[in-house]
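Before any comments, here is the structure.
The values are calculated or read from the model by the stated rules, or taken from the named source; none is laboratory data. What you see is a predicted model, and the numbers here were worked out from it, not measured in a lab. All Cβ positions, even for glycine, are placed from backbone atoms using ideal geometry, and neighbour counts span all protein chains on display.
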Ligand SMILES: Nc1ncnc2c1ncn2[C@@H]1O[C@H](COP(=O)(O)OP(=O)(O)O)[C@@H](O)[C@H]1O
Ligand SMILES: [Mg+2]
């Protein structure tokens, strides 16, 4: 008989004769969800995904002999789940988590299924057999993992996810299937990441872009703007699907998302943003083991949409809380601790997570991608701690958020001297935006570096020691910081900046720089000049003015700058 022998918070010991690692078990009379994470002689050690208060030694356990799985199919989009994919029906579930027996996907809702391949075709895992329309999103129905053979039956019509739509040999097919979460879904091969994930955030797209299929980390202390930057990407990036994992952060950050997203319109489809979003909430007050699982649940859902040939962007806020969940469980298992008490396998787990990003050729012969953006919350903003350091090695874009910038209300507080991108996207930008994009980017990064050097001189010997040329350099750098890099997430216009507008603003700043170097105005006159004001107003000028006729707009700005300097 399977029985509990010992309980330590979310970790339960039990005698389970035929246990295997990663078996999902139902623990106690309330059948709490748990997973066997270790076996020591006769004892199975289980992490329990629900509150273990009330469990007692001697309580029964049943073993499902199956691993942790998610349900993948129509109905995922627009849903809010906990870390083990149980639907959270209302906001209050985040604050008062309770056992929820609802299925992950509705068993009642009917979907119109339209096959796209005929009966008799040979199919295998990951192939597309038809589609279901979910609002304006075309949900592709895939052959489940492990299934291969002749499509003996396939039907058009309305189905719930529990009604059979076809058959491969003796295997029935449904609109949904299950998938183990701890093992990556398969694909044909990895492809190079060639396109940027366009976020509409100037400091990201222009200065430190991330590729579609790439990964980025955004570390920063409390209040630096990690959550806002993640939410901005979730709202505005040009991914087809957003998976947002609220991992171990306070509940109110998640409620913001839950309250806001249904009201925000996707700029591309005009539909509520939620229609392309899956939210996973495992906030700080929810069980710590489910937080450990939430990352796997999220990335597996992301892989499912990737395998349909879509670009997915996954946000995890915050991977530090995920690491802390691992640390807590490891501590309860009395494992030998590594650096700062984190388990020795921390680096491996982080690597396995980021490695599930990428652009791939799918089994359906399409190209799909997952971009992963992980927030990191090092205590006190100390980037030398293990989670930040490990993450740095794994991600190719690094957006370092800086408390001192945030204190000056310079948002996003991405530190331009510490941040970097290793993605090679220059070719794409040159093709789509013209050669000037890359030239101005290089020039701007150099300018910011130069500014730092000049400011060091100023702090030693004062501003009067600088030449006029150098003072103009400082002035232009200030324009770059204030009128370009700073971007207000709460301004209706500035919250999203199309690439065309990004280019026109930075062009204007550099055009102005050139004009200033030829003018005879004093620095004081320059500061209060009309043209200076005009630069400052650009970001709050409606986006359409820049996108409908960029050449005209560019000429117009230049004319205004010249006029301004003449007065
Ligand atoms: N891009 C931005 N525009 C305007 N305000 C911002 C921006 N980014 C951050 N903030 C401000 O900083 C506050 C803290 O940001 P938040 O993302 O919650 O920090 P963190 O998640 O790092 O603790 C926000 O509530 C907001 O007032
Ligand atoms: Mg936050």
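Observations on the structure shown:
- The selection criterion, being surrounded by fewer than 24 Cβ atoms within 10 Å (Cβ to Cβ) and more than 16 Å from ligand 2 (Cβ to nearest atom), holds for residue 270.
- Residue match in the stretch 487-499 (condition: surrounded by 17 or more Cβ atoms within 10 Å (Cβ to Cβ), assigned to a helix (DSSP H, G or I) and not assigned by TED's automatic domain parsing to the domain that holds residue 230): yes
- Single residue of 44, 14 found to be surrounded by 15 or more Cβ atoms within 10 Å (Cβ to Cβ) and within 36 Å of the chain's Cα centre (by Cα): 44
- Any chance residue 368 is in contact (Cβ under 8 Å) with a residue 40 or more places away in the chain and within 16 Å of ligand 1 (Cβ to nearest atom): no
- Condition met for residue 513 (in a helix (DSSP H, G or I), at pLDDT 95 or above and not assigned by TED's automatic domain parsing to the domain that holds residue 228): yes
- Sole exception among (1) under 21 Å from the mean Cα position of the chain (by Cα); (2) more than 16 Å from ligand 1 (Cβ to nearest atom); (3) not in a helix (DSSP H, G or I) for residue 373, by number: (2)
- Residue within the stretch 450-470 that is within 16 Å of ligand 1 (Cβ to nearest atom), surrounded by 15 or more Cβ atoms within 10 Å (Cβ to Cβ), in the same structural domain as residue 542 (by TED's automatic domain parsing) and in a helix (DSSP H, G or I) present: no
- With respect to the conditions (1) buried (at least 23 other Cβ atoms within 10 Å of the Cβ); (2) within 16 Å of ligand 1 (Cβ to nearest atom), residue 380 lacks only one, and its number is (1).
- Residues (within 12 Å of ligand 1 (Cβ to nearest atom) and either surrounded by fewer than 21 Cβ atoms within 10 Å (Cβ to Cβ) or closer than 21 Å to residue 297 by Cβ (or both)) located in the stretch 235-246: 246
- Only residues that are surrounded by fewer than 24 Cβ atoms within 10 Å (Cβ to Cβ) and not in a loop (DSSP other than H, G, I, E, B) were counted in the stretch 207-229, giving 3.
- Residue identified as at pLDDT 95 or above, within 16 Å of ligand 2 (Cβ to nearest atom) and under 23 Å from residue 198 (Cβ atoms) among 242, 229, 299: 229
- Each residue in the stretch 143-154 was checked for being more than 18 Å from residue 308 (Cα to Cα) and surrounded by 17 or more Cβ atoms within 10 Å (Cβ to Cβ), and 2 pass.
- Among the residues examined, residue 423 qualifies as in a loop (DSSP other than H, G, I, E, B) and away from ligand 1 (no atom under 16 Å from the Cβ).
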